Structure formats: structure tokens, C-alpha cells
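One structure below.
The values are calculated or read from the model by the stated rules, or taken from the named source; none is laboratory data. Just so it is clear, the structure is predicted and the values come from calculations on it, not from any experiment. Ideal geometry is used to build each Cβ from the backbone, glycine not excepted, and the neighbour counts take in all protein chains shown. Side chains included, ligands, DNA and RNA excluded: accessible areas come from the protein's heavy atoms. Shrake-Rupley method; radii C 1.70, N 1.55, O 1.52, S 1.80 Å.
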Amino acid sequence: MIIHTHRTRLEILSPQEAQLMLDYQLANRDHLAPWEPQRPADYYQLSYWQQQLAAWADAFIAGREYHFVALTPDRQRVLGLCQFTGLQHGAFEACYLGYSIAKDHEGQGLMREIVQAAIGYLFEETSLQRIMANYMPSNGRSGRLLRRLGFEREGYARRYLKIAGHWQDHLLTALLRDEA
């Protein structure tokens, strides 16, 4: 499964391609650290990413989660990630969106291109009605991205997630299928 955008291709990577993910994580370790949970030591090892990509592939096949990896058109490098997790079905039909972009591609509109394509796929291929995305108030880039994509603020959660070792407040936003 491949989603082509103007400058990337979104894929679900296989465990055999774990080196691509490890390279992305190592190259962006300091860049992403302020916005992510603290990572275990094995997070930066090839075996971790082999296992993680196998789990992501299984989750995709089962329709439980969608972990898209944005690659350069020649598939030589990871540019960013776009993930839909916590899928709920039934009366709720919702999920959470998470994303990251390589430091050297920040500020070029690439994250919007990636997330927009992934949202299009998700709304076309699933029955989900709501995508929720939460961000720390200090992350202005993320807030601007979500607004540009049509996400609307729905609330404020104090000490919502433990990010970079500290409980952080988050702004809660959502995008509804009929507003995408």
C-alpha cells in the first residue's frame, strides 16, 4: 500500500526496512525529544524497530492502527511519520493522530502534505468520523498545522501526557469527516 504525495510516498514499512526507521530516529533524537515521551534505551536499536515495524504491519492488516512512514520518492530516507492510533469503532468511530517531521524538512509544508494525504486515505478507507489531535501549547508549529488542516479546538487538558519526562498540558482538537 502506497500513498503518493507531491514530494513523498507514504508506506507501512516491513521489519526488513527497520534501518530506515532507526536512521530517522537517531538523526532526529534531539529534535523530537521535547515533544515525545522519554524513550527506553532499546528504542535506538535495530532490533527494537524490527519488532515495532512487525507490530505496525500487523495492526495495519487488522485495521487497528495506521502507522504511515513518509519516504523520499527513491525510498532512501524517512522524512516523517503520520500515525493514527487508539481507533474506536461502534458509536464513537474515532482515533488519535500523531506525527513528526525530520529536522531538516521542518517549515517546508511537508508535514501538511503528509498528514493531509494520510487523513484522506483514512476517511476514504474506514468508517471513522473523528480524528483527534492534541498538542502542547508551546508547540506553535503543531497548532498552526492542525488549524490549516481544519482541526478545531475542543478543550484544554491539564497535565495530560508525560512528555520529555514532565506532565504537560495539551490543547485538544478534532477534525470531523464531513469537515475534512
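For region 57-92, what are the residues that are of a type in the set (Gly, Ala, Ser) and either out of contact with any strand residue (DSSP E or B) (no Cβ under 6 Å at 6 or more places or on another chain) or open to solvent by less than 20 Å² (accessible area, probe 1.4 Å) (or both)?
Listed by number, the residues that qualify are 57, 59, 62, 63, 70, 80, 90, 91.
Which of the following residues is under 22 Å from residue 37 (Cβ atoms) and among the aliphatic types (A, V, I, L, M): 164, 117, 180, 91?
Among 164, 117, 180, 91, only 164 is under 22 Å from residue 37 (Cβ atoms) and among the aliphatic types (A, V, I, L, M).
Taking only region 10-33 into account, find how many residues are part of a helix (DSSP H, G or I) and either aliphatic (A, V, I, L, M) or modelled with pLDDT under 95 (or both).
Residues meeting the conditions: 8.
Residues in region 93-111: is at least one within 24 Å of residue 69 (Cα to Cα), touching a Lys or Arg at 6+ places or on another chain (Cβ under 6 Å), at pLDDT 95 or above and surrounded by 14 or more Cβ atoms within 10 Å (Cβ to Cβ)?
Yes, the conditions are met somewhere in region 93-111.
Looking at (1) part of a helix (DSSP H, G or I); (2) in contact (Cβ under 8 Å) with a residue 12 or more places away in the chain, find the lone condition where residue 161 falls short.
Status for residue 161: all satisfied but (1).
Test each condition in (1) at pLDDT 95 or above; (2) open to solvent by 40 Å² or more (accessible area, probe 1.4 Å); (3) not hydroxyl-bearing (Ser, Thr, Tyr) for residue 118 and report the one that comes out false.
(2)
One line per residue, one yes/no per condition, for (1) touching a residue at least 24 places away in the same chain (Cβ under 8 Å); (2) hydrophobic (A, V, I, L, M, F, W, C); (3) out of contact with any strand residue (DSSP E or B) (no Cβ under 7 Å at 6 or more places or on another chain):
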position	(1), (2), (3)
5	yes, no, yes
10	yes, yes, no
22	yes, yes, yes
50	yes, no, yes
55	no, yes, yes
105	yes, no, no
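Output the number of residues of region 3-32 satisfying the condition of being open to solvent by 80 Å² or more (accessible area, probe 1.4 Å), farther than 15 Å from residue 52 by Cα and in contact with a Leu (Cβ under 7 Å, 6 or more places away or on another chain).
Qualifying residue count, region 3-32: 1.
What number of residues in region 126-155 are open to solvent by 80 Å² or more (accessible area, probe 1.4 Å) and not basic (Lys, Arg)?
4
Could you list, in sequence order, the residues of region 156-180 that are loosely packed, with under 13 Cβ neighbours inside 10 Å, on the phi > 0 side of the Ramachandran plot and of a type outside the set (Lys, Arg)?
Across region 156-180, the qualifying residue is only 165.
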